[in-house]
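The values are calculated or read from the model by the stated rules, or taken from the named source; none is laboratory data. Note that this is a predicted model, so its numbers are computed, not measured. Neighbour counts run over all protein chains shown; Cβ positions are idealised from the backbone, glycine included.
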């Protein structure tokens, strides 16, 4: 399963991204690694938000842009501040934002008893088409029980250097992730009974919306689980909000617990769909570049779209540590205009964004700007705290009113307060402030960090 593990890490880099709409490309004749690095370094000297802190290096000393970035990313002493800038191939970058994926199209999580559950399935993916859904308990893969895979993994790790070692079937070899079309047999527990489901590894196109619904409890509430802000998000959100508009919903629950960001223009689009006439002509997102490019600073103005809602009174966000960047941008942008509540756990904390640059077959995506809302607030490197705590209840599907995050959000919208039991739930531990806040950005908005 090595390919899928590294794919997950690769996607995480994208998910912590809030990219501006632009992508520059430099046509060069010398596409040697040394020259690609030189062009990338020159781009950083010009556009990097913390360009003044770039060390002087010889780009030719590094094999790849990524190797070079590991040395160049902004630090304060031994503390890495820029946890976000990255480089990938142009094909990988383009495929991600086009929604092109490979594999099964699912993720899983463990509960407090170490049992394994399906936590998310992309609509249209091989896993979805085969019948796997969030909330199913995984009992075995390819006829090997989950408990045995765990035991074998421990055995292989402890004995791999011994003479005569024979590797047992564990998570790394229970199927071959490199083999397109490979069949992976799941045994899952569903509605109290066992069910066998076979999934074939394949290419698929990921959607950004995982689930949506109109919940009618006397007041109509629109629910959307949005996984990412990619190119397809605009069309998907337009279709959903057209339904919300028809149903005349006047409050929303936006589930962004796994949404690490994406394109700024999609965040802007979502803000306009939610508020429309309430933000028409108002600054909703302010983009601020370094002092070499102040002429590029930009204010996104609110506007009424065809499917903008008429009168949203409350918006609840389901959030977690995976909620970052463009997701936080949407939350931050809405707060001056509408009643907003956060349910779940503290968000990631990334009020900065990127502009990508294509260099031959490589793409560098460094931090190039910071952003604020209409009140010039953007100081949330510590993340945004949840108003009501809730758990990621992966034993219920998205949109199920019994799921803890949605249940808590609906309770707050109905009662203007958190459920009493949330006061005893665990709260995510916050990271030390000195690890998160670049000196240049302290006091960027209305609040100074003076701890």
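A few notes on this one:
- Listing of strands (runs of 3 or more DSSP E) fully contained in region 332-416 that carry 2 or more residues being closer than 30 Å to residue 132 by Cα and either in contact with a helix residue (DSSP H, G or I) (Cβ under 7 Å, 6 or more places away or on another chain) or modelled with pLDDT under 95 (or both): 339-344
- Members of region 91-109 found to be under 23 Å from residue 199 (Cβ atoms), part of a helix (DSSP H, G or I) and touching a residue at least 40 places away in the same chain (Cβ under 8 Å), listed by number: 96
- Region 196-211 - residue that is in a loop (DSSP other than H, G, I, E, B) and in contact with a strand residue (DSSP E or B) (Cβ under 9 Å, 6 or more places away or on another chain) and, of those, nearest to residue 140 (Cα to Cα): 201
- Hits in region 53-84 (condition: in contact (Cβ under 8 Å) with a residue 24 or more places away in the chain and closer than 30 Å to residue 204 by Cα): 64, 65, 83, 84
- Some residue of region 28-49 being surrounded by fewer than 20 Cβ atoms within 10 Å (Cβ to Cβ) and at pLDDT below 90: yes
- Qualifying positions in region 47-90 - touching a strand residue (DSSP E or B) at 6+ places or on another chain (Cβ under 7 Å) and under 28 Å from residue 294 (Cβ atoms): 47, 48, 49, 65, 69, 73, 81, 82, 84, 85, 86, 87
- Here residue 99 does not fit the description of being touching a helix residue (DSSP H, G or I) at 6+ places or on another chain (Cβ under 7 Å) and either buried (at least 19 other Cβ atoms within 10 Å of the Cβ) or under 30 Å from residue 184 (Cα atoms) (or both).
- Residue 254 vs. criteria under 16 Å from residue 338 (Cβ atoms), in contact (Cβ under 8 Å) with a residue 40 or more places away in the chain and outside any strand (DSSP E or B): no
- The listed residue being surrounded by 15 or more Cβ atoms within 10 Å (Cβ to Cβ), without any contact (Cβ under 8 Å) to a residue 60 or more places away in the chain, assigned to a strand (DSSP E or B) and in contact with a helix residue (DSSP H, G or I) (Cβ under 7 Å, 6 or more places away or on another chain), out of 140, 87: 140
- Answer residue from region 322-331, given it is part of a loop (DSSP other than H, G, I, E, B) and in contact with a strand residue (DSSP E or B) (Cβ under 9 Å, 6 or more places away or on another chain) and is nearest to residue 373 (Cα to Cα) among those: 325
- Enumeration of residues in region 373-397 that are touching a strand residue (DSSP E or B) at 6+ places or on another chain (Cβ under 6 Å) and farther than 20 Å from residue 321 by Cα: 374
- The single residue among 315, 304 that is at pLDDT 95 or above, part of a loop (DSSP other than H, G, I, E, B) and touching a strand residue (DSSP E or B) at 6+ places or on another chain (Cβ under 6 Å) turns out to be 304.
- Some residue of region 371-386 being free of Cβ contacts under 8 Å to residues at least 60 places away in the same chain and under 20 Å from residue 221 (Cβ atoms): no
- For residue 185: the one exception among (1) surrounded by fewer than 16 Cβ atoms within 10 Å (Cβ to Cβ); (2) in contact (Cβ under 8 Å) with a residue 12 or more places away in the chain; (3) assigned to a loop (DSSP other than H, G, I, E, B): (3)
- When region 212-237 is filtered for residues that are surrounded by fewer than 21 Cβ atoms within 10 Å (Cβ to Cβ), in contact (Cβ under 8 Å) with a residue 60 or more places away in the chain and assigned to a strand (DSSP E or B), the ones remaining, listed by number, are 212, 213, 215.
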